[in-house]
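Nothing in this text is a laboratory measurement; each read-out follows from the coordinates by a stated rule. Here the structure is a predicted model, which is why all the values come from computation and not from measurement. So basically every Cβ, Gly included, is an ideal-geometry build from the backbone, and we count neighbours across all protein chains shown.
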Amino acid sequence: MKLLKIILSVAIIAGVALATKNLLSHPGKKLFNDPGFAGSQNQYSCASCHANGDKIGNVADKTSFLIVETQYFSVEDVINKAMITPYLSGEPIDKHSQEMKDLVDYLIQLKAD
Ligand code: HEC
């Protein structure tokens, strides 16, 4: 019984450590925090407004986003809209690019924690 508890504890700690490490080194995290991402011309990044996933919902399940009275039907469109606001002053990125996939995956993992 005691051995089982020890094995379970080790497994849980290893699982948490692994999950944390994955998020820390996630390629999307770098983009999310990079003020120069997508040709952005100023000091703001996604993280300036979304520190710790603030204001980001469960994007994996969402098919409709209402942002400042405009409706978007994909998280990629929301992200590209953010890119071209004066806050970021960047360029939209290819919706099917690896960068977009990394960013979306990072947002999903942020909320999964
Ligand atoms: C100037 C501040 C600001 C910046 C910079 C910004 N956002 Fe946002 N973002 C917002 C606000 C405000 C909302 C709307 C929140 C709401 O209506 O609940 C939003 C909404 C979103 C949503 C929809 C969340 C949901 O669940 O409906 C996503 C996804 C998102 N932003 C991703 C990003 C990404 C990725 C970046 C960087 C490329 C970024 N944002 C940059 C302010 C910002």
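Numbers for the structure displayed
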| read-out | value |
| --- | --- |
| Rounded FRET efficiency, nearest 0.05, which uses the C-beta distance separating I84 from S25 and R0 of 22 Å | 0.15 |
| Segment F65-L8, length gained on full extension (0.36 nm per residue, minus Cα span) | 16.5 nm |
| In the stretch 27-112, lysine pairs closer than 14 Å at Cα, eight or more apart or cross-chain | 6 |
| Karplus-derived HN-Hα couplings along the stretch 71-87 (A = 6.51, B = -1.76, C = 1.60, θ = phi - 60°), whole Hz, x at Gly and Pro | 9, 10, 10, 8, 5, 5, 5, 5, 5, 5, 5, 4, 4, 9, 5, x, 5 |
| For the stretch 50-56, Karplus couplings with θ = phi - 60° (6.51, -1.76, 1.60), whole Hz, Gly/Pro x | 10, 4, 6, x, 3, 6, 9 |
| Estimated 222 nm signal from helices in the chain, with DSSP H stretches of n ≥ 4 weighted -39500 (n - 2.57), rounded to 500 | -16000 deg cm²/dmol |
| Residue with peak Gaussian network fluctuation, the chain [Cα springs, cutoff 10 Å], from L23, L31, L88 | L23 |
| Cα convex hull volume per residue for the chain (Å³) | 116 Å³ |
| Estimated vicinal HN-Hα couplings, Hz - the stretch 37-49 in sequence order (Karplus 6.51, -1.76, 1.60; Gly, Pro = x) | 4, 6, x, 4, 9, 9, 8, 8, 10, 3, 5, 4, 9 |
| Tilt relative to the chain, helix 98-112 - C-alpha long axis, 0 to 90 degrees, to 10 | 50 degrees |
